[in-house]
1. Sequence neighbours fewer than 8 away in the same chain don't count; with that in mind, list the aspartates and glutamates whose C-alpha is under 13 Å from Lys69.
2. For Arg181, enumerate residues with amide H under 5 Å from its amide H, sequence gap 5+ or separate chain, H modeled in the peptide plane.
3. Run the numbers for Glu141 and Thr71: contour at 0.36 nm per residue of separation, minus the present Cα-Cα distance, in nm.
4. Ratio of alpha-carbon Rg to the 2.2 N^0.38 Å globular estimate for segment 39-150, to two decimals, please.
5. Each label point is 7 Å from the Cα along the Cα-to-Cβ direction; what then is the distance between the points at Leu63 and Arg248, in nm?
6. Based on the Cβ-Cβ distance of Ile179 and Val224, what FRET efficiency does E = 1/(1 + (r/R0)^6) give at R0 = 22 Å, to the nearest 0.05?
7. In whole Å, what is the distance between the alpha-carbon centres of segment 236-263 and segment 178-198?
8. What dipole magnitude, in Debye to the nearest 20, does segment 158-261 give about its Cα centre under +1 on Lys/Arg Cβ and -1 on Asp/Glu Cβ?
Amino acid sequence: MCEMRRRVTWTLLTLVPLIASGCLEDADRPIGEGPIRVGTGGWARAVELHAAHILITFDGSPLQPPDVKRTKEEALAKARELASLAKVEGADFAELARKHSACTSAERGGDLGTFLPVDKSKEFSQAVLALAMGEISDPVETEMGYHIIKRQPPASVRKVGVKHVLVRYWGAKRAPLHIARTRSEARERISECQQRLEQGESFSDLVREYSECPSRHKDGDLGVVNVADMDEEFGKAALEREIGNTSRIVETPYGFHIVLRYE
C-alpha cells in the first residue's frame, strides 16, 4: 500500500506541472484511451521516458567502487568535465559512459532503456523531462552521485539507418551450407576486419571482402529499420554509437557483426 501511494503521488507530482505549463496537449484525454501527447516530443505512453547516463560516484555513494576514493567535490569536477566532453559535436556519449560510468548500464553505453518518471528518483526524472530529445544535461545530483544524462527517443519510435559486416560460422542461424569455419575462427576473422577498420580502411571495401550477408552487394546497407524489429544485441550496438561510428563486435544468432550507424 505504501509503495502504491508513493507511485501515485510521484506520478501526480510529475504530471501536474506539465499540465499547468501546457506541455500535455491532451491532458483531458480519458485514462486508457491511448497515449498522452507531449507538446514538444511526440507521443509517449504515460510520459514514458528513455535516457542514457554517466554516473560519477563519490565516497559514501551506494555504487562507489571499493577501489575508488573520490570526494564529493572531486566527483562534481569530474562530472562537469565529462559533461563538457559529451557536448562536443561528434562526441561519442556511449563510449564515455563505458569508460567512466559507475552504473551497470555502462556496458550498454549508459542506456537505461525506457521507464516511467516514478521508476527513477525525482531529481533524475525531472532532469530528463527538462531535456529535448538528444540533449545532454549538466551534472544532476541524486543520492547515487552525479549524473550526465542524455535524453533518447521513446523505444517505439527509434529507427536507425545501419550498415554491417557479417561473418558467419557453421551452425549459425541461416548460415549457408558452404560455411565450414568454427565460431572461434569466425571471431578471429571479424577481429581482423575490426583491426583494419581501426587502421583507417574503408568500411565499404571491408564489407565487400568480409561480409557474408546479401547486403554486401549494397555496401552492407540494411536500410532504416525500427530497433524493435532487430535482434536485441544488434539493436543495442546500433543505438549506442553516434551517427557515423562503427560498433564493437556484436554476436547474434546469425554470426558476428560490426555495425555502422548512418542515420
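Throughout, read-outs are computed from the coordinates displayed, never taken from laboratory work. Fair warning: this is a prediction, and the values are worked out from it, not measured in the lab. Note that we place each Cβ from the backbone using ideal geometry, even for glycine, and neighbour counts take in every protein chain shown.
1. Excluding near neighbours in sequence, the set is Asp59.
2. Excluding prolines and chain starts, which carry no amide H, the hits are Trp170.
3. 23.8 nm
4. Values: Rg = 13.7 Å, N = 112, 2.2 N^0.38 = 13.2 Å.
Output field value: 1.03.
5. Once both label points are built, they end up 1.6 nm from each other.
6. Numbers: r = 29 Å, r/R0 = 1.30.
About 0.15, to the nearest 0.05.
7. A separation of 15 Å, based on Cα centres.
8. Details: 18 positive and 17 negative charges, 49 e Å.
Rounded to the nearest 20 debye, it is 240 debye.
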